[in-house]
Amino acid sequence: MPDIEPFTPRGMFHEGWTAEVNDYAIACGWALKGKQFIVGDVAGGLFAFEGDTGKIIWKKENTHSGGLLAMAIHPDGKIFATSGQDGNVQICNCHEGKVIKTLDLGRGWVEHLKWSNDGFFLAIASSKKVYVFNEVGEEKWISEDHPSTVSAITWSNKNELATACYGRVTFFDILNNKTNQKLEWQGSLVSMELSPDGDIVACGSQDNSVHFWRRSTGMDAEMTGYPGKPSHLSFDDSGKLLATSGSERITVWSFIGNGPEGTMPGELCHHTEPISSLAFSNKGMLVASGSRDGSVVASFLKKDGNGDPVGAAFAGDLVGALSWRPDDCALAAVNAKGVVNVWEFKVRTNFFSKGFK
Amino acid sequence: MSIKDKVPVTILTGFLGSGKTTLLNRILSEEHGKRIAVIENEYGEVGIDQGLVINADEEVFEMSNGCICCTVRGDLIRVLGNLMKRRDKFDYVLVETTGLADPGPVAQTFFMDEEISSEFTLDGIVTLVDAAHIDQQLGRSDESSEQVAFADVLVLNKTDLVSVDALDNLESRLRDMNRMTRIIRAENAKVPIETVLNLSAFDLDQILKRRPTFLEPEYPFEWTGVYDLDAGKYELMLEEGPDPEMSLVALVNQGESEEELKDGAESSVRLYAEKANTLEPGNTIPYGEHINLKLEDKGNKSFILNIEKPSKIGLFTQHTAEEFNMKVIKSEENNSKEMPFITERFWQAEHEHDDEVGSIAIERFGDVDPEKLNTWMGRLLSEKGVDIFRTKGFISYSGNPRRIVFQGVHMLFTAQPDKEWGNEPRRNQLVFIGRNLNEKEMQEGFDTCLI
C-alpha cells in the first residue's frame with residue numbers, strides 16, 4: 001500500500017501542574033532525579049516544588065540583595081548554587097534549601113554559574129574574573145582579568161573551562177593553571193555553547209552572527225544573516241545539531257558530514273515573537289523553544305536540522321526559562337509573571353526513539 | 001510595545017568635576033514621584049540609596065565589520081537586560097557616563113540592540129560643562145567636544161565662578177558647536193528637574209510641537225545693555241566705529257534676568273525682521289521699532305532717548321557698545337553724566353569659529369525630490385558618517401501631504417512622516433553637528449535635491 005507513510009512521532013503536552021513564584025522567573029531546574037523542581041525569580045526568591053505534583057516543598061526570599069542572576073543545579077541533583085547582584089554565591093542543599101556555604105566574591109555582579117559534568121567543580125563568572133570552587137566551596141582557581149566582562153562559561157572537559165568575552169574564547173586548564181587555547185574574533189560574544197565532546201565551540205555575537213570553531217582542526221566559520229543577536233544556542237546530546245535563535249525563527253545547523261559550512265540550515269518558524277529560551281531534550285533530537293509571546297513548542301528534528309512541531313502549549317507570558325526533566329517525559333516553562341508550567345510530555349513512535357518512550 | 005510603554009533613559013555626560021554627581025544626587029533626592037534606576041560608570045560618591053544604583057565599567061564593543069555606528073556599550077546591554085526584568089521597580093533610567101565617554105556608542109545602543117530598543121527609549125543626552133574649565137578642555141580633548149556635540153541639553157554649570165562676559169562668550173562658542181542644544185546656566189548643578197528628564201529629545205514629533213524649529217535662534221544683534229533710567233531726556237552717544245550705520249531696537253521695561261533678556265531678545269528678533277527705519281543723528285529713538293542709526297558723520301553722533309516715567313530700557317544693538325564706544329548720557333544744564341548699564345549680554349553673532357566641531361544648518365523653502373535626497377544623504381552619511389555626530393531635521397517631500405521628520409546618530413538614520421503641512425509654507429530644515437563639516441558643499445549638495 002504505497003499511500004501509507006512511516007509513522008512519524010507524535011507528541012503532546014499533557015496537563016501537568018502549575019504554580020507561582022513571587023517575581024519574574026529567570027532560572028529553573030530539576031533536582032533529586034526529577035523529584036524536585038527549583039525556580040529562582042529575579043528578586044532573589046527561590047522555590048522548590050514536588051516534581052510530580054507542584055506542591056511547594058520550601059521557599060526562601062531575598063536570597064541575594066539586589067536580585068538573583070543565576071542558578072545551577074549540581075549534576076547529582078542534591079545541591080545547587082545561586083548567585084546575584086550582591087557579589088555572593090550560595091551553595092544550598094536541595095532537600096531544605098539550607099545554605100551550606102556562602103562565597104563572597106566582592107562587589108561585581110555574579111552572572112554565570114556552571115558545574116563541571118562530574119560535579120567536582122563549580123565555575124563562577126563575575127565581571128572580568130572567573131573562579132573555580134569545589135562542591136564544598138573551597139577555592140581552586142582564579143583567572144586573571146579578562147579583557148571585558150565574561151559573557152559565558154562552560155566546561156569543555158572535566159578540568160578544562162571555556163570562557164567567552166569581547167573578542168575571544170579562552171580554554172583554561174584549571175588544575176595546572178594553564179591557558180590551553182585562545183580563539184580570537186573581533187566581536188562581542190554574547191552566548192557560547194560547546195558540543196558535548198568539547199570540540200565545536202559556537203558563539204552568538206552582538207553583530208547578529210554565530211561563530212564556530214572546531215578545536216581539533218582549527219577551522220572556523222561565521223554564520224551571518226541573523227535578524228537579531230543570537231542569544232540562544234543549544235546543542236543536542238550527540239553534538240550533531242545546534243539550534244540557534246536571535247529572532248522568532250530558530251535556525252538549526254547540522255554538523256553531519258561536511259556541514260554546516262556550505263549547507264542550508266534547518267528553519268523552524270513556530271513563534272510570532274523572538275525566542276527567549278531554547279533547550280534540547282537530554283537525549284534525542286527534540287528541541288523545546290519558548291518565546292516572548294508565551295508560546296512553547298517542541299520540535300522533532302531530522303538530521304539536516306529541519307523538523308516538525310510535535311507539541312505546543314501556552315505559558316501565559318514571556319518564557320524566562322525551559323527545562324526538560326532528566327527522563328525527558330516532562331517539560332517545565334517559567335515565565336515573566338512568575339508562573340510555572342510543567343507539562344507531561346508523551347511521544348508515540350513506531351520505533352523506540354532514543355530518549356523518549 | 002508603543003513608545004509610551006518603554007522606559008525612558010537619560011544619559012548624563014560631562015567631564016570629571018563638571019557636577020554630574022551633584023546633579024544626580026539632586027535628581028534622586030527631589031520629590032518627583034519617579035522611581036529612578038541609576039547606572040553609574042563613574043564610581044563617584046552617590047550618597048543616596050533610594051534609587052537603584054548599579055555600578056558598571058564602561059565597555060565599548062566594536063563589531064568585526066568595523067562600522068562605527070554598530071559600536072555599542074556592552075555594559076549597558078548587560079545591565080539594562082537585567083533591569084528590564086525588574087521594570088515594575090522603576091520607571092526611569094539615568095546613565096551616568098565617565099568624563100571620557102564617547103556618547104556615540106551609548107546612544108547607538110538604544111537603536112542597535114533589539115532587546116534594549118524593545119524595552120527602553122533614549123529620552124535625551126544631557127551634558128554638564130564646568131564653565132570655568134570647559135574652554136581649556138575643548139581645546140585638549142575630542143571627548144569633551146563630542147559630548148557638547150551630542151547634547152540635547154547643555155548645563156553650563158558653576159556659573160558663579162566665571163564673569164558674565166566670559167559666560168556669554170562661552171555660551172556663544174558652545175552654541176556654534178551645537179545649534180540644536182538647549183543651554184541652561186546653573187550654579188552647583190541647580191537646574192529644574194524637568195529640564196533634564198522627560199525631554200523626549202529623540203521624539204521629533206514632540207519636539208516640533210513644543211518648538212517649531214530645531215534651531216536655537218541666531219541673533220541679528222550682538223549686544224544688549226539694560227539701563228535703569230529716571231524720567232527725563234537722555235542722549236545716546238556714539239563715536240566712530242567699524243560701520244557707517246547700525247541697527248538697533250530699544251525696548252521699554254526690559255528686565256535684567258537671563259530669562260527676561262531672552263524674552264526681550266525674542267521680541268527684538270521679530271522686530272529686526274521688519275524693515276529698518278533710518279534715523280539721522282539728533283532724532284528721537286522710538287521704542288519697539290527696528291531702526292537704523294546713520295553714523296556716517298565724523299566725530300560723535302548723538303540720538304535722543306525720551307523717558308516718560310522711570311523705567312528699565314533695553315538696547316539691542318547690531319554691534320557691541322564697545323565698538324562705537326556707545327554711551328547713554330544724562331545731559332543737565334551744567335553737567336552731563338554717563339549712565340552705566342545695569343547689565344549687559346552678548347549674543348551669538350555669525351562669525352568664524354575655530355572649533356573643529358560645529359553645526360551646519362540648511363534651511364530652504366520648497367519641496368525636495370525624495371530619490372535625489374536619499375542618494376545625497378546616503379552618500380553624505382557613508383562618506384562623512386564618522387564625523388557627523390547628530391542630525392535632525394524636517395523635509396518637504398514633493399507630493400507628500402505630510403512633513404517628514406528625521407534624525408540620526410552617526411550613520412544610523414530614521415525618517416518618518418509627521419503632521420500634515422496644511423497651509424503652512426513648505427520648507428526644509430536640516431541640522432548637522434559634526435567635525436570639520438564643509439557647510440558650503442553640504443548646502444550645495446542639498447540644493448541639488450530641491451525641485
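The values are calculated or read from the model by the stated rules, or taken from the named source; none is laboratory data. All values reported here derive from a predicted model rather than from experimental measurement. So basically every Cβ, Gly included, is an ideal-geometry build from the backbone, and we count neighbours across all protein chains shown.
Residues are listed down the side, and each one gets a yes or a no for (1) facing chain A (nearest Cβ under 8 Å); (2) not in a strand (DSSP E or B):
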residue: B:Glu58; (1), (2): no, yes
residue: B:Gly66; (1), (2): no, yes
residue: B:Cys69; (1), (2): no, yes
residue: B:Ile77; (1), (2): yes, yes
residue: B:Gly81; (1), (2): no, yes
residue: B:Met84; (1), (2): no, yes
residue: B:Val95; (1), (2): no, no
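Being surrounded by 13 or more Cβ atoms within 10 Å (Cβ to Cβ) and among the acidic types (Asp, Glu) is the filter here; which residues of segment B:231-264 pass it?
B:Glu235, B:Glu239, B:Glu240, B:Asp243, B:Glu245, B:Glu256, B:Glu258, B:Glu260, B:Asp263
Looking at segment B:245-259, is at least one residue at pLDDT 90 or above and more than 33 Å from the chain's Cα centre (by Cα)?
No, that holds for no residue.
Within segment B:116-132, is there a residue that is buried (at least 18 other Cβ atoms within 10 Å of the Cβ), assigned to a helix (DSSP H, G or I) and of a type in the set (Gly, Ala, Ser)?
Within segment B:116-132 (the criterion being buried (at least 18 other Cβ atoms within 10 Å of the Cβ), assigned to a helix (DSSP H, G or I) and of a type in the set (Gly, Ala, Ser)), the answer is no, since none of the residues qualifies.
Can you say whether A:Asp145 is within 14 Å of chain B (Cβ to nearest Cβ), free of Cβ contacts under 8 Å to residues at least 40 places away in the same chain and within 19 Å of A:Ile174 (Cα to Cα), as far as the supplied structure shows?
yes
Checking the conditions here, which among A:Ile73, A:Ile100, A:Ile124, A:Ile79 is away from chain B (no Cβ under 14 Å) and touching a Lys or Arg at 6+ places or on another chain (Cβ under 9 Å)?
A:Ile124
Would you mind finding the one in A:Gly239, A:Gly262, A:Gly257, A:Gly225 that is within 14 Å of chain B (Cβ to nearest Cβ), surrounded by fewer than 18 Cβ atoms within 10 Å (Cβ to Cβ) and not in a strand (DSSP E or B)?
A:Gly225
Look at segment B:283-339 and say how many of its residues are on the phi < 0 side of the Ramachandran plot, free of Cβ contacts under 8 Å to residues at least 40 places away in the same chain and in a loop (DSSP other than H, G, I, E, B).
Qualifying residue count, segment B:283-339: 8.
Would you mind stating whether A:Thr53 is buried (at least 22 other Cβ atoms within 10 Å of the Cβ), more than 14 Å from chain B (Cβ to nearest Cβ), outside any strand (DSSP E or B) and more than 17 Å from the chain's Cα centre (by Cα)?
No; evaluated as a whole, the condition is false for this residue.
List, please: which pairs have Cβ atoms under 8 Å, are six or more places apart or on different chains, and start with a residue in segment A:245-266 that is touching a residue at least 24 places away in the same chain (Cβ under 8 Å) and within 17 Å of A:Phe235 (Cα to Cα) and end with one that is in a loop (DSSP other than H, G, I, E, B) and of a type in the set (Phe, Trp, Tyr)?
Sorted first by the residue in segment A:245-266, then by its partner, the pairs are A:Gly246/A:Tyr226; A:Thr251/A:Tyr226.
Looking only at segment A:195-222, which residues are part of a strand (DSSP E or B) and more than 14 Å from chain B (Cβ to nearest Cβ)?
A:Ile200, A:Val201, A:Ala202, A:Phe212, A:Trp213, A:Arg214
Within segment A:103-151, track down each residue that is among the acidic types (Asp, Glu) and within 19 Å of the chain's Cα centre (by Cα).
A:Glu111, A:Asp118, listed by residue number.
If you scan segment A:292-306, which residues turn out to be crowded, with 22+ Cβ neighbours inside 10 Å and of a type outside the set (A, V, I, L, M)?
A:Gly294, A:Ser299, A:Phe300, A:Gly305 - these are the residues of segment A:292-306 that are crowded, with 22+ Cβ neighbours inside 10 Å and of a type outside the set (A, V, I, L, M).
Take A:Ser247 and decide whether it is among the small types (Gly, Ala, Ser), part of a strand (DSSP E or B) and buried (at least 18 other Cβ atoms within 10 Å of the Cβ).
Spelling it out, it is not the case that A:Ser247 is among the small types (Gly, Ala, Ser), part of a strand (DSSP E or B) and buried (at least 18 other Cβ atoms within 10 Å of the Cβ).
Determine which single condition B:Phe111 fails, assuming it passes every other condition in (1) assigned to a helix (DSSP H, G or I); (2) surrounded by fewer than 23 Cβ atoms within 10 Å (Cβ to Cβ); (3) within 12 Å of chain A (Cβ to nearest Cβ); (4) touching a helix residue (DSSP H, G or I) at 6+ places or on another chain (Cβ under 7 Å).
The number of the failed condition is (3).
Take A:Gly84 and decide whether it is without any contact (Cβ under 8 Å) to a residue 24 or more places away in the chain and within 25 Å of A:Met192 (Cβ to Cβ).
So A:Gly84 fails the test.
For segment B:390-451, please list each of the strands (runs of 3 or more DSSP E) lying entirely inside it that holds at least 2 residues being at positive phi and modelled with pLDDT of 90 or more.
Hits in segment B:390-451: none.
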